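Below is one structure; the comments refer to it alone.
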Amino acid sequence: MLTIDKLNQFYGESHTLWDLDLIVPAGECTCVMGRNGVGKTTLMKAIMGEVALASGSIRYDDGVELTKRPVEARPRLGIGYVPQGRQIFPLLTVEENLRTGLAARSDGQRTIPARIFELFPVLEEMKHRRGGDLSGGQQQQLAIGRALVIEPRLLILDEPGEGIQPNIVTLIGEVIRRLIKEDGLTVLLVEQKLPFARKFADRFVIMDRGRPVALGPIGELTDALIKEHLTV
Ligand SMILES: Nc1ncnc2c1ncn2[C@@H]1O[C@H](COP(=O)(O)OP(=O)(O)OP(=O)(O)O)[C@@H](O)[C@H]1O
Ligand SMILES: [Mg+2]
């Protein structure tokens, strides 16, 4: 689904992504892990076109070179993004927040797909509530719902479980599995929570200092790897 080659990114003088290679296979959930500040979010932003790159290639769907496309091309190509920290609009209602996602649809559809309320019933119940009045877990469901409004083929989520109560984290994991199984999505996820990765991901990628240092099927995420790269 994504083939990333030799990506290099700098914030000013600071070299953040180093010759980064990564393959994200279609129809699976790939979980990017790694300590704070290793460049996980920067990698997601690079895929979304939100940071300038010094060099490298990001191919989508066996052909489209994303690095040559503007930011707004992503939703039209079927890439949905849930940024770290959710970034919903606090003063807009749940329904209005979801509608902001519709503008990016390439087919001009102006109704919120029913599937979103099926996956997150709380969004239907709270349709007229302001985003800022929702709990953290409800806001995260809203952020994911908003990314799903374009009916993406690739969904990118940056730490969806951060600061959220465990039952909602589990619900989000279950929704990810349903999106893969029932809707044929590919999911690329940043998540530091080990039990979550083990339960819901198919593959892991551990990053350290701006590049992957270990990867494989989730069953190969050993305690030794965790000790070496993930515990503080
Ligand atoms: N806009 C920016 N300008 C300058 N430096 C930045 C900027 N954003 C991030 N950085 C730095 O780049 C490095 C990688 O940051 P990034 O946010 O990608 O890490 P991360 O792995 O997502 O961390 P976390 O687990 O805390 O979310 C860090 O050292 C961070 O301080
Ligand atoms: Mg981050």
- Query: For the stretch 51-65, does any single residue satisfy the condition of being in a loop (DSSP other than H, G, I, E, B) and within 16 Å of ligand 2 (Cβ to nearest atom)?
  - Reply: yes
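The rows are residues; the columns are (1) surrounded by 22 or more Cβ atoms within 10 Å (Cβ to Cβ); (2) under 17 Å from the mean Cα position of the chain (by Cα); (3) not in a helix (DSSP H, G or I).
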| position | (1), (2), (3) |
| --- | --- |
| F89 | no, no, yes |
| R99 | no, no, no |
| Q109 | no, no, yes |
| R115 | no, no, no |
| L123 | yes, no, no |
| H128 | no, no, yes |
| G132 | no, no, no |
| Q140 | yes, yes, no |
| I156 | yes, yes, yes |
- Message: I'd like to verify a number: residues in the stretch 30-62 that are at positive phi, near ligand 1 (Cβ under 8 Å from one of its atoms) and surrounded by fewer than 19 Cβ atoms within 10 Å (Cβ to Cβ), how many?
- Response: 1
- Filter result (touching a residue at least 60 places away in the same chain (Cβ under 8 Å) and over 13 Å from the mean Cα position of the chain (by Cα)) within the stretch 163-178: R177
- Item | Out of F204, F196, sole residue that is open to solvent by 10 Å² or more (accessible area, probe 1.4 Å) and of a type in the set (F, W, Y) | F196
- Which residue out of P212, P217 is open to solvent by 50 Å² or more (accessible area, probe 1.4 Å) and at pLDDT 95 or above? P217
- Query: Can you name every residue in the stretch 2-21 that is surrounded by 13 or more Cβ atoms within 10 Å (Cβ to Cβ) and within 14 Å of ligand 1 (Cβ to nearest atom)?
  - Reply: L7, N8, Q9, F10, H15, T16, L17, W18, L20
- Task: State whether one or more residues within the stretch 32-47 are away from ligand 2 (no atom under 16 Å from the Cβ) and either under 19 Å from H229 (Cβ atoms) or modelled with pLDDT of 95 or more (or both).
- Result: no
- Could you count how many residues in the stretch 170-193 are more than 14 Å from A147 (Cβ to Cβ), open to solvent by less than 10 Å² (accessible area, probe 1.4 Å) and more than 16 Å from ligand 1 (Cβ to nearest atom)? 1
- Please find, among G85, G145, the residue that is closer than 19 Å to L188 by Cα, exposed (fewer than 15 other Cβ atoms within 10 Å of the Cβ) and not charged (D, E, K, R). G85
- Query: Filter the stretch 187-220 for residues that are in a strand (DSSP E or B) and of a type in the set (K, R); which is farthest from A26 (Cα to Cα)?
  - Reply: R211
- Task: May I ask you to list pairs of residues, at least six apart or on different chains, whose Cβ atoms are under 8 Å apart, with the first in the stretch 85-112 being on the phi > 0 side of the Ramachandran plot and the second being open to solvent by 70 Å² or more (accessible area, probe 1.4 Å)?
- Result: G85/E162
- Message: If the requirement is being more than 16 Å from ligand 2 (Cβ to nearest atom), more than 23 Å from K193 (Cβ to Cβ), under 13 Å from the mean Cα position of the chain (by Cα) and at pLDDT 95 or above, which of these qualifies: I23, I79?
- Response: I79
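The values are calculated or read from the model by the stated rules, or taken from the named source; none is laboratory data. No experiment lies behind these values; they were computed from the predicted model shown. In this analysis, Cβ positions are derived from the backbone assuming ideal geometry, glycine residues included, and neighbour counts consider all displayed protein chains. Each accessible area value is taken on the protein alone, full model and side chains, heavy atoms only, with ligands, DNA and RNA left out. Shrake-Rupley method; radii C 1.70, N 1.55, O 1.52, S 1.80 Å.
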